[in-house]
Ligand code: PMP
């Protein structure tokens with residue numbers, strides 16, 4: 001083990017650039033860059049192979065809850081290793097996955113009683129889609145196999161997940177082969193497609209959703225939605241919106257799939273975003289924070305109504321599974337994560353942190369290239385614009401968010417923007433002091449990037 005850490009930084013950089021194809025990364029830029037190679041972590045910080053420390057400003061892509069090297073989670077995994085690392089869940093069971101399912105059912109929105117495991121957010125979504133479509137097929141309604149999705153929502157990178165959230169930039173080679181599903185506009189209030197303003201609009205956009213549902217009602221199996229549009233730019237749906245979608249689904253007898261892969265486990269200030277709307281979806285997808293950000297476990301939860309529809313003939317079973325479904329190490333980590341969330345009173349500790357973030361970000365509203373500052377819980381998206389008056393966006397290719405991210409990195413924090421949206425998602429257990437430092441770095445990064453953003457905005461504004 002020790003020998004592996006003896007590789008010198010230059011060799012590691014060279015081997016990385018020679019062999020590792022990084023996800024969601026334009027490798028042409030990457031191989032030219034000075035990449036961050038993480039060697040270890042401690043609390044809410046990460047250390048690279050040169051010994052430099054950085055705050056983990058996006059929770060290692062939105063999943064870290066309690067920080068890194070958390071003794072209780074480390075211990076739980078080591079204890080599980082002393083028993084067994086993995087055995088299959090196909091047709092047999094294992095101890096931690098049973099205990100975790102029981103736990104999830106007790107903390108999830110009421111009525112969700114069945115847990116189907118997988119290993120990533122995308123697979124949790126694939127399972128949700130297949131459950132919804134097969135539910136209707138099992139009931140003798142095979143025509144109902146379309147899923148209504150929302151514009152710019154993101155559900156993962158497998159084919160089914162892409163199909164319900166197609167994106168012209170990311171998915172262009174595949175668009176022609178994805179099954180077509182109807183889509184409705186997500187309530188992106190800063191750029192309202194109806195050119196109205198919230199709350200005066202009284203969510204007039206819901207009528208557009210209803211029209212789309214009504215048009216496709218005979219072929220629709222379900223509606224899938226993110227409570228906060230995540231990868232689409234951190235866009236929280238207005239209060240009441242998710243509840244209205246639940247009611248719409250009830251009126252049209254459609255299943256509702258809520259994708260809480262990003263929002264679950266405290267990210268929006270409550271354990272699940274659904275709680276804030278007082279709703280239970282028919283299918284709930286969970287991932288990311290489920291193991292505290294330790295191991296790849298995801299889960300698709302559903303109701304007895306859906307589950308029992310798979311108990312008819314043998315062919316009515318859900319023939320879906322992955323090799324590592326229900327992995328014991330991951331489930332043990334998840335149980336330790338949930339214990340810690342309770343023991344540390346994590347959820348109750350969030351409101352002052354959420355307020356601290358909101359207050360610290362307020363001055364950004366005056367930044368010459370900030371168009372919109374959006375926050376839900378400890379999920380923050382800051383949209384850069386080339387022109388504040390006209391809201392003219394920076395072109396996507398300009399990757400304006402990186403101008404800020406680089407400055408932030410130089411100052412000791414790692415963040416990963418999406419296009420022109422700078423994203424800040426600190427680990428939920430960050431202390432007020434740590435949050436204060438992270439916010440200072442973030443703001444300093446915006447200041448330092450102003451000149452470059454001005455050049456990028458050009459004289460066109
Ligand atoms: N759904 C949502 C809402 C997500 O934010 C993500 C990942 N960002 C996914 C699904 C896909 O999860 P994974 O990357 O684990 O496949």
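The values are calculated or read from the model by the stated rules, or taken from the named source; none is laboratory data. Keep in mind the model is a prediction, meaning the values are calculated, not measured. Virtual Cβ from ideal backbone geometry, glycine too; neighbours counted across all protein chains shown.
Results, tabulated for the structure shown:
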{"quantity": "Residues of region 343-367 classified as on the phi < 0 side of the Ramachandran plot, part of a loop (DSSP other than H, G, I, E, B) and either within 24 Å of the chain's Cα centre (by Cα) or loosely packed, with under 13 Cβ neighbours inside 10 Å (or both), total", "calculated": "1"}
{"quantity": "Selection within region 392-409 - surrounded by fewer than 17 Cβ atoms within 10 Å (Cβ to Cβ) and either closer than 24 Å to residue 376 by Cβ or without any contact (Cβ under 8 Å) to a residue 12 or more places away in the chain (or both)", "calculated": "395, 396, 397"}
{"quantity": "Within region 151-168, considering residues that are within 11 Å of the ligand (Cβ to nearest atom) and in contact with a helix residue (DSSP H, G or I) (Cβ under 6 Å, 6 or more places away or on another chain), the one nearest to residue 258 (Cα to Cα)", "calculated": "155"}
{"quantity": "Of the criteria (1) more than 16 Å from the ligand (Cβ to nearest atom); (2) surrounded by 24 or more Cβ atoms within 10 Å (Cβ to Cβ), which one residue 313 fails", "calculated": "(2)"}
{"quantity": "Test: residue 138 is surrounded by 20 or more Cβ atoms within 10 Å (Cβ to Cβ) and in contact with a strand residue (DSSP E or B) (Cβ under 7 Å, 6 or more places away or on another chain)", "calculated": "no"}
{"quantity": "Some residue of region 269-284 being touching a strand residue (DSSP E or B) at 6+ places or on another chain (Cβ under 8 Å), within 12 Å of the ligand (Cβ to nearest atom) and part of a strand (DSSP E or B)", "calculated": "yes"}
{"quantity": "Selected residue (only one of 382, 354 is over 28 Å from residue 85 (Cβ atoms) and touching a strand residue (DSSP E or B) at 6+ places or on another chain (Cβ under 6 Å))", "calculated": "382"}
{"quantity": "Residue identified as within 16 Å of the ligand (Cβ to nearest atom), touching a helix residue (DSSP H, G or I) at 6+ places or on another chain (Cβ under 9 Å) and on the phi > 0 side of the Ramachandran plot among 230, 240, 266", "calculated": "266"}
{"quantity": "Single condition residue 290 does not satisfy, out of (1) within 18 Å of residue 223 (Cα to Cα); (2) crowded, with 24+ Cβ neighbours inside 10 Å; (3) without any contact (Cβ under 8 Å) to a residue 60 or more places away in the chain", "calculated": "(1)"}
{"quantity": "Flag if residue 423 is modelled with pLDDT of 95 or more and not in a helix (DSSP H, G or I)", "calculated": "yes"}
{"quantity": "Residue in region 249-256 that is at negative phi, away from the ligand (no atom under 16 Å from the Cβ), touching a residue at least 24 places away in the same chain (Cβ under 8 Å) and assigned to a strand (DSSP E or B) present", "calculated": "yes"}
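Conditions tested, residue by residue: (1) more than 13 Å from the ligand (Cβ to nearest atom); (2) in contact (Cβ under 8 Å) with a residue 12 or more places away in the chain.
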| site | (1), (2) |
| --- | --- |
| 103 | yes, yes |
| 111 | yes, yes |
| 114 | yes, yes |
| 123 | no, yes |
| 132 | yes, yes |
| 139 | yes, yes |
| 142 | yes, no |
| 149 | no, yes |
